[in-house]
Amino acid sequence: MSEVRYPFTAIVGMADLRLGLLLNAVSPAVGGVLVRGEKGTAKSTMVRALAGLLPAIAVVDGCRFACDPAGPDPQCPDGPHTAVESYERPSQLVELPVGVAEDRIVGSLDLERALAEGVKAYEPGLLAKAHRGVLYIDEVNLLQDHVVDLLLDAAAMGRSYVEREGVSVRHAARFLLVGTMNPEEGELRPQLLDRFGLTVEIAATREPAERAEVVRRRLAYDADPAGFAARFAAEERELAEHITAARELLPKVELTDVALRQITAVCAAFEVDGLRADIVMARTAVALAAWAGRTEVLEEDVRKAAQLALPHRRRRNPFDAPGLDEEQLDRTLEEHAQPEDDGPEPGGDGPDGGGDGGPGDGGPDGGGAPEPADGGAPEAFAPEDAEAPEPQPVPAQHPSPARESAPVAAGDPYRTRLFTVQGTGHGAQGRRSPAETTGGHTVRARRPQGTLSRLHLTATLQAAAPHQVARGRAGRALVLHKDDFREQVRQGRESNLVLFVVDASGSMAARQRMTAVKGAVLSLLMDAYQRRDKIGMITFRGADAELALPPTSSVEVGAARLETLPTGGRTPLAAGLLRAHEVLRVERLRDPNRRPLLVVVTDGRATGGRDALARSQRAATLFAAQGTASVVLDCESGPVRLGLARTLAGLLGGSAVSLDELRAEGVASLVRANRPVSTPIRKAA
């Protein structure tokens, strides 16, 4: 890879992303920017190019934490800095790997030296390296939640804290935070989305000429990186000077009362939780004015700030897409565009002498009722004997099991019972099944496996105590050997791969159960989102089974596929189970630590041959032989029930749950729900 960065000004299009990054460069207090977009849209390229535009910084000579000589950090671990010698260096771009450990982020303490020698041996982490620079997190949605929380807390407070075994280290950590993500690979929790100041949605252009220019420039850069960068050197220099000038102008920008009232009115109108959005919008509007070379915030600044700061804060549930109603935004800005005045006294004459409340004074300032927009009579004066139009009957539709039926809408989602995988796993941290994790509560101690990171102090002292006399201990200090150290084993919860196998055959549609079934699956998808699981979806109908959604972290995509799921045709249950078996086999090779949970949504019927039912039952025994945790969502209804779904659950080695039993209602239901799925809730037939 070339060491010459792709020029920022050479990137074609993506005006909102360009503006969002530049505003954070002007005012890091905006709080960073989250870039959401499909793969291959130059998200990473533009972020890396931004670092070359930032002004050089002066740092204290010999300080590993990039302290500013004009105001050194009084809590700097390398301080105090008294005789300050400094030098200038470029602002750094620090990239955070997806699989980064907590120690690498905040830094690590040498616990062995701390115990044996009583010294603080602290190695700075990536947060210290990113201080006064750019911290770039590619695929931020794939990071573990506690890692993202750690990063966003540091970004919000401007400091990093390390607290371990009674040893405390803290240092400044102010940086421009940029995260990129592909929504198809999973969303961030709304609480984490709110911690990013701005968000930008990007997509590749569909204009052939613009796409051609992108390809042309990329080929030119690959052929001669230095020569290509030289072509844009003047534009890069001009843009860097613009950033510096906007930074100098920023303290002089005035946020007027009108602009502030518009900001708060917009946040209230869009029902944004908390006050962080108001603060971010205010800072963004001020940065926009400084970028435009003005010393006063205008309405256009407030509008653009809302477009950048509010869309990702509008999500009300996991399946809501970020967005903003532009008409509502314009209407709110217009209503609060004028300075407030006290108005006339109640009951007194207004400024125009029209305060007598006569019949001509309609609207909020007069005594009459407001006139409707269409010019008709107000609703309050509608004739009592006015006849309402009679509703027209809607002909009932009875889809035929043999034909494909149009997709039906899913029922409203609800809180479901908790299904877990039996035993203790070692998968990625989540909220479903018991597992050994980096978080959670300590359950035992063991000898360190690799670098010691979580010291179990009591177990370490117990291991060293019997040998103190033989080691010639003198005085109060313990004599510790490497074999004495023990680390904590913590138990928390892991995320799993929840693979849905959904019956979309004609029998499901014929009994008009698909709305309830889709509502149940949607509820389980929401549960998987909240527990940070990966999900996959297989549907079977007609002659075969289809992998409708390969295993992914994007529960939103699963919900979208479910919404458009058609029904009809025969019931190839065996094909659906065999396809699920193959998907799980491949996933075990990719991620052997992530344990699967199979959810089969069916009534247990199987058609498509004389031995269709026998073939499906033989396929079910494959999962039981491998010990795959499974649950069958029994969709059978009607007065006469065959119990085929419960028979299937028994062959799978799992449990069967009806649609009515899926809901989590009351304390007793919650207790039952926490039993492992390998223990049937009701004995399968």
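Based on this model, can you work out whether A528 counts as small (G, A, S), modelled with pLDDT of 85 or more and open to solvent by less than 30 Å² (accessible area, probe 1.4 Å)? Before you say what the answer is, go through the steps one by one.
Details: small (G, A, S): yes; modelled with pLDDT of 85 or more: yes; open to solvent by less than 30 Å² (accessible area, probe 1.4 Å): yes.
Judged against the criteria, A528 is a match.
Taking the criterion of being within 14 Å of the chain's Cα centre (by Cα), open to solvent by 80 Å² or more (accessible area, probe 1.4 Å) and of a type in the set (S, T, N, Q), would at least one residue in the range 184-197 satisfy it?
Looking for residues that are within 14 Å of the chain's Cα centre (by Cα), open to solvent by 80 Å² or more (accessible area, probe 1.4 Å) and of a type in the set (S, T, N, Q), one finds at least one in the range 184-197, hence yes.
Tell me, which residue of the range 273-292 that is open to solvent by 20 Å² or more (accessible area, probe 1.4 Å) and of a type in the set (G, A, S) is nearest to P311 (Cα to Cα)?
Among them, the one singled out is G274.
Can you tell me which residue within the range 634-654, out of those that are under 24 Å from S495 (Cα atoms) and touching a helix residue (DSSP H, G or I) at 6+ places or on another chain (Cβ under 6 Å), is most open to solvent (accessible area, probe 1.4 Å)?
Step by step, filter the range 634-654, then rank; the result is G653.
Looking only at the range 449-496, which residues are open to solvent by less than 50 Å² (accessible area, probe 1.4 Å), out of contact with any Lys or Arg (no Cβ under 8 Å at 6 or more places or on another chain) and without any contact (Cβ under 8 Å) to a residue 24 or more places away in the chain?
Those that are open to solvent by less than 50 Å² (accessible area, probe 1.4 Å), out of contact with any Lys or Arg (no Cβ under 8 Å at 6 or more places or on another chain) and without any contact (Cβ under 8 Å) to a residue 24 or more places away in the chain: A464, Q468.
Could you list all residues from the range 527-566 that are more than 14 Å from the chain's Cα centre (by Cα) and not in a strand (DSSP E or B)?
If the condition is that a residue be more than 14 Å from the chain's Cα centre (by Cα) and not in a strand (DSSP E or B), then D527, G542, A543, G558, A559, A560, R561, L562, E563, T564, L565, P566 are the ones that fit.
Being within 19 Å of the chain's Cα centre (by Cα), among the β-branched types (V, I, T) and surrounded by fewer than 20 Cβ atoms within 10 Å (Cβ to Cβ) is the filter here; which residues of the range 5-61 pass it?
none
Restricting to the range 293-303, count the residues that are on the phi < 0 side of the Ramachandran plot and either in contact with a Pro (Cβ under 9 Å, 6 or more places away or on another chain) or open to solvent by 50 Å² or more (accessible area, probe 1.4 Å) (or both).
Residues meeting the conditions: 7.
Scan (1) open to solvent by 60 Å² or more (accessible area, probe 1.4 Å); (2) at pLDDT 85 or above; (3) not aromatic (F, W, Y) for the single condition V98 breaks and write down its number.
Only one criterion in (1) open to solvent by 60 Å² or more (accessible area, probe 1.4 Å); (2) at pLDDT 85 or above; (3) not aromatic (F, W, Y) is unmet by V98, namely (2).
Within the range 246-279, restricting attention to residues that are within 29 Å of the chain's Cα centre (by Cα) and acidic (D, E), which residue is nearest to A156 (Cα to Cα)?
Just the residues of the range 246-279 that are within 29 Å of the chain's Cα centre (by Cα), to begin with: 262-279.
Among the residues that remain, those that are also acidic (D, E) are: 271, 273, 278.
Values: E271: 23, D273: 17, D278: 15 Å.
For the range 246-279, the residue satisfying everything is D278.
Give just the number: which of (1) within 28 Å of the chain's Cα centre (by Cα); (2) under 18 Å from L452 (Cα atoms); (3) modelled with pLDDT of 75 or more does S168 not satisfy?
For S168, the exception is condition (1).
Which condition breaks for T438 when tested against (1) at pLDDT below 85; (2) over 28 Å from A101 (Cα atoms); (3) open to solvent by 30 Å² or more (accessible area, probe 1.4 Å)?
Here T438 meets the rest and fails (2).
Taking the stated definitions as given, is G411 surrounded by 15 or more Cβ atoms within 10 Å (Cβ to Cβ) and closer than 29 Å to P596 by Cβ?
yes
Considering every residue within the range 111-125, establish whether at least one is within 23 Å of the chain's Cα centre (by Cα), under 25 Å from R195 (Cβ atoms) and at pLDDT 75 or above. Even if it seems obvious, please write down each step before you answer.
Filtering the range 111-125 down to residues within 23 Å of the chain's Cα centre (by Cα) leaves none.
No, the conditions are met nowhere in the range 111-125.
If I filter the range 382-405 for residues that are out of contact with any Gly (no Cβ under 7 Å at 6 or more places or on another chain), modelled with pLDDT of 50 or more and assigned to a loop (DSSP other than H, G, I, E, B), do I get at least one hit?
No, every residue in the range 382-405 fails to be out of contact with any Gly (no Cβ under 7 Å at 6 or more places or on another chain), modelled with pLDDT of 50 or more and assigned to a loop (DSSP other than H, G, I, E, B).
Among Q462, Q488, which is within 38 Å of the chain's Cα centre (by Cα) and either of a type outside the set (V, I, T) or closer than 22 Å to R189 by Cβ (or both)?
Working: Q462 fails: within 38 Å of the chain's Cα centre (by Cα).
Exactly one of Q462, Q488 is within 38 Å of the chain's Cα centre (by Cα) and either of a type outside the set (V, I, T) or closer than 22 Å to R189 by Cβ (or both), namely Q488.
Got a sec? Which strands (runs of 3 or more DSSP E) wholly within the range 3-119 have at least 1 residues that are hydrophobic (A, V, I, L, M, F, W, C) and touching an Asp or Glu at 6+ places or on another chain (Cβ under 6 Å)?
Counting at least 1 such residues, we get 57-60.
Which pairs have Cβ atoms under 7 Å, sit 6 or more apart or on different chains, and link a residue in the range 206-225 that is within 11 Å of A10 (Cα to Cα) to one that is of a type in the set (G, A, S) and part of a helix (DSSP H, G or I)?
Filtered contacts from the range 206-225: R217/A10.
What's the total number of residues in the range 552-580 that are open to solvent by less than 30 Å² (accessible area, probe 1.4 Å) and under 18 Å from V498 (Cβ atoms)?
Of the residues in the range 552-580, 10 are open to solvent by less than 30 Å² (accessible area, probe 1.4 Å) and under 18 Å from V498 (Cβ atoms).
List the pairs whose first member sits in the range 614-636 and is touching a residue at least 12 places away in the same chain (Cβ under 8 Å), whose second member is open to solvent by 50 Å² or more (accessible area, probe 1.4 Å), and whose Cβ atoms are under 6 Å apart, counting only residues at least 6 apart or on separate chains?
Q617/L651; A619/L578; A620/L651; T621/L651; C635/R513
Output yes when any residue across the range 273-286 is at pLDDT 95 or above and more than 28 Å from R189 (Cβ to Cβ), and no when none is.
The answer is yes; a qualifying residue exists.
Residue-wise test of (1) open to solvent by 60 Å² or more (accessible area, probe 1.4 Å); (2) among the small types (G, A, S); (3) more than 26 Å from E187 (Cα to Cα); (4) in contact with a Ser or Thr (Cβ under 6 Å, 6 or more places away or on another chain).
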position: R216; (1), (2), (3), (4): yes, no, yes, no
position: A223; (1), (2), (3), (4): yes, yes, yes, no
position: R237; (1), (2), (3), (4): yes, no, yes, no
position: A240; (1), (2), (3), (4): no, yes, yes, no
position: V258; (1), (2), (3), (4): no, no, yes, no
position: E271; (1), (2), (3), (4): yes, no, no, no
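The values are calculated or read from the model by the stated rules, or taken from the named source; none is laboratory data. Keep in mind that this is a model prediction, so the values were computed, not measured. So basically every Cβ, Gly included, is an ideal-geometry build from the backbone, and we count neighbours across all protein chains shown. These area figures cover heavy atoms from the full protein model, side chains too; ligands, DNA and RNA do not enter into them. Shrake-Rupley method; radii C 1.70, N 1.55, O 1.52, S 1.80 Å.
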